[in-house]
Amino acid sequence: MVKQAWPGTKPMSRYASPDVTPRFLLFHLHPISARLLFMRHVSGSILAPRQLPLLSSLIEEDPPEWEMALSEQLRLGIQLNEDLGFEPGMLLVDGKFRRQAEIPRGRVDLYLARFSTFDAPHDAVRARGGALSPINELYGRHPVEMAVLRWAFDYLLNS
């Protein structure tokens with residue numbers, strides 16, 4: 001059984017099955033110090049709104065050049081904020097990062113979502129049972145999560 005990130009989390013309404021809903025790696029990048037923190041959820045996963053099934057595997061091929069439509073970024077961002085109980089606009093979906101994982105019921109898109117606050121929102125995250133952590137404190141997770149962390153870290157530092 002797949003654990004949910006937060007009690008009462010509902011699936012993103014557009015997707016028929018919660019298993020194939022997109023997953024998001026949530027991060028905060030401080031605009032001055034460039035300190036990069038990733039959110040670890042109450043379930044222990046770094047992906048929201050729920051962790052991937054145990055039998056997930058990476059789709060390693062490099063994704064084609066791609067950019068999400070602004071309307072889709074906004075729709076996903078609004079839904080993600082609502083599903084996780086954050087204030088509207090607190091999480092912004094990155095429109096250029098997308099990876100995929102294979103799960104027993106299909107493929108899942110993996111995206112990045114950035115906390116829009118100037119300082120890291122430790123209190124808001126803690127109130128939901130999570131924590132913001134640097135990448136070196138997140139080792140030892142599911143192999144797919146580790147790969148997403150690696151890809152996100154490279155992407156964020158090179159963009």
Report task. Residues being in contact with a Gly (Cβ under 8 Å, 6 or more places away or on another chain) and within 23 Å of Ile59 (Cβ to Cβ): count how many of those fall in region 107-140. Result -> 1
Query raised in the report: For region 106-116, does any single residue satisfy the condition of being more than 23 Å from Gln79 (Cβ to Cβ) and of a type in the set (A, V, I, L, M, F, W, C)?
Result: no
Requested in this report: Kindly indicate the residue of region 74-100 that is without any contact (Cβ under 8 Å) to a residue 60 or more places away in the chain and in a strand (DSSP E or B) and also farthest from Glu61 (Cα to Cα) among those meeting that condition.
Outcome: Leu92
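Kindly provide the set of residues from region 112-127 that are surrounded by 20 or more Cβ atoms within 10 Å (Cβ to Cβ) and over 22 Å from Leu157 (Cα atoms), ordered by number. Steps first, answer last, please.
Pass one, region 112-127, residues surrounded by 20 or more Cβ atoms within 10 Å (Cβ to Cβ): 112-113, 115, 121, 125.
Answer for region 112-127, where residues must be surrounded by 20 or more Cβ atoms within 10 Å (Cβ to Cβ) and over 22 Å from Leu157 (Cα atoms): just Val125.
Select from region 104-140 the residues that are of a type outside the set (Gly, Ala, Ser) and within 19 Å of Asp19 (Cα to Cα) and list them in ascending order. Steps first, answer last, please.
Applying the first criterion (of a type outside the set (Gly, Ala, Ser)) to region 104-140 yields 104-105, 107-112, 114-115, 117-119, 121-123, 125-126, 128, 132, 134-139.
If the condition is that a residue be of a type outside the set (Gly, Ala, Ser) and within 19 Å of Asp19 (Cα to Cα), then Pro104, Arg105, Arg107, Val108, Asp109, Leu110, Tyr111, Leu112 are the ones that fit.
Step by step: first the residues of region 112-139, then only those that are of a type in the set (Asp, Glu) and either within 17 Å of Ser45 (Cα to Cα) or part of a helix (DSSP H, G or I) (or both), then the one that is modelled with the lowest pLDDT. Which residue is that? Walk me through it before giving the result.
Taking region 112-139 as the starting set, the residues that turn out to be of a type in the set (Asp, Glu) are 119, 123, 137.
Narrowing further to those that are either within 17 Å of Ser45 (Cα to Cα) or part of a helix (DSSP H, G or I) (or both): 123, 137.
Values: Asp123: 97, Glu137: 94.
Filtering region 112-139 for residues that are of a type in the set (Asp, Glu) and either within 17 Å of Ser45 (Cα to Cα) or part of a helix (DSSP H, G or I) (or both), the one modelled with the lowest pLDDT comes out as Glu137.
Can Tyr139 be described as out of contact with any His (no Cβ under 6 Å at 6 or more places or on another chain), surrounded by fewer than 18 Cβ atoms within 10 Å (Cβ to Cβ) and of a type in the set (Phe, Trp, Tyr)?
On the way: out of contact with any His (no Cβ under 6 Å at 6 or more places or on another chain): yes; surrounded by fewer than 18 Cβ atoms within 10 Å (Cβ to Cβ): yes; of a type in the set (Phe, Trp, Tyr): yes.
For Tyr139, the condition - out of contact with any His (no Cβ under 6 Å at 6 or more places or on another chain), surrounded by fewer than 18 Cβ atoms within 10 Å (Cβ to Cβ) and of a type in the set (Phe, Trp, Tyr) - is met.
Kindly evaluate Asp154 against the criterion of being out of contact with any Cys (no Cβ under 9 Å at 6 or more places or on another chain) and over 22 Å from Thr21 (Cα atoms).
Details: out of contact with any Cys (no Cβ under 9 Å at 6 or more places or on another chain): yes; over 22 Å from Thr21 (Cα atoms): yes.
The answer is yes for Asp154.
Between Asp94, Asp109, Asp62, Asp83, which is at pLDDT below 95 and buried (at least 19 other Cβ atoms within 10 Å of the Cβ)?
Working: Asp94 fails: at pLDDT below 95; Asp109 fails: buried (at least 19 other Cβ atoms within 10 Å of the Cβ); Asp62 fails: buried (at least 19 other Cβ atoms within 10 Å of the Cβ).
Answer to the check: Asp83.
The values are calculated or read from the model by the stated rules, or taken from the named source; none is laboratory data. Source: prediction; values computed, not measured. Heads up, the Cβs are rebuilt from the backbone with ideal geometry, glycines too, and the neighbour counts pull from every protein chain shown.
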